[in-house]
Structures are given as structure tokens and as C-alpha cells.
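Reading through the C-alpha cells given below for one structure.
Read the figures in this text as sums done on the coordinates, not as results from a lab. No experiment lies behind these values; they were computed from the predicted model shown. All Cβ positions, glycine included, derive from the backbone under ideal geometry; neighbour counts span all protein chains shown.
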Amino acid sequence: MVTIIEAAVTALKAANKPLSADEIYVAIIKGNLFQFGAKDPKAILKAQLRKYTVGFTGKTAADKPRLKQLPDKKFQAF
């Protein structure tokens, strides 16, 4: 089963350019990369993006970040 962050990274790599959280969401839905069951899927996605972003130091920060957030607030996978 694919995780939300795996779906987001797949969407970013397929786009081959940085995307905003909303653009990542649309790409995930259009590509049928992940089935959200939450009432507010964009909020869940944004929380996961933040968790896996380099420099995030909150309690839920991932041990191995997979994203970089650019000054324009778009995300880039690495």
C-alpha cells in the first residue's frame, strides 16, 4: 500500500517541477495515486508534506525528510 508521502513524491517526480500543496493534491487525485478517506484530505496532505520537509523540527518531523520547500512555498522532491 502506498503512503500519502510516497504518492506526493511520485506526483512531484512525474511533474518534473516544484508544485504547491494544492497542485500535489490534484496530481494525486488525477493520477489515482492515493485514496483519501479523510473528511479534509488537503489538510492531511499538508501535514504530511510539512512532516517530510527538510528543516521541519516539530514533534512529528520525519527522520528522513524527502522534500524541500522553496521560497515560493512549492515543494520539490529529492
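Residue check: Ala38 meets all listed conditions (1) under 14 Å from Ala8 (Cβ atoms); (2) loosely packed, with under 12 Cβ neighbours inside 10 Å; (3) of a type in the set (A, V, I, L, M) but one, namely (1). Of the residues making up the range 48-78, those that are surrounded by 15 or more Cβ atoms within 10 Å (Cβ to Cβ), hydrophobic (A, V, I, L, M, F, W, C) and either more than 17 Å from Ala7 (Cα to Cα) or out of contact with any Leu (no Cβ under 8 Å at 6 or more places or on another chain) (or both) are Phe56, Ala62. For the range 48-63, the candidate set comprises residues that are of a type outside the set (Lys, Arg) and assigned to a helix (DSSP H, G or I); within that set, the residue that is nearest to Val9 (Cα to Cα) is Leu49. Set side by side, the residues Leu33, Leu19, Leu12 differ, and just one is touching a strand residue (DSSP E or B) at 6+ places or on another chain (Cβ under 9 Å), crowded, with 16+ Cβ neighbours inside 10 Å and within 20 Å of Met1 (Cβ to Cβ), which is Leu12. Among the residues of the range 48-61, count how many are touching a residue at least 12 places away in the same chain (Cβ under 8 Å) and of a type in the set (A, V, I, L, M). Going through the range 48-61 one residue at a time, the tally reaches 2.
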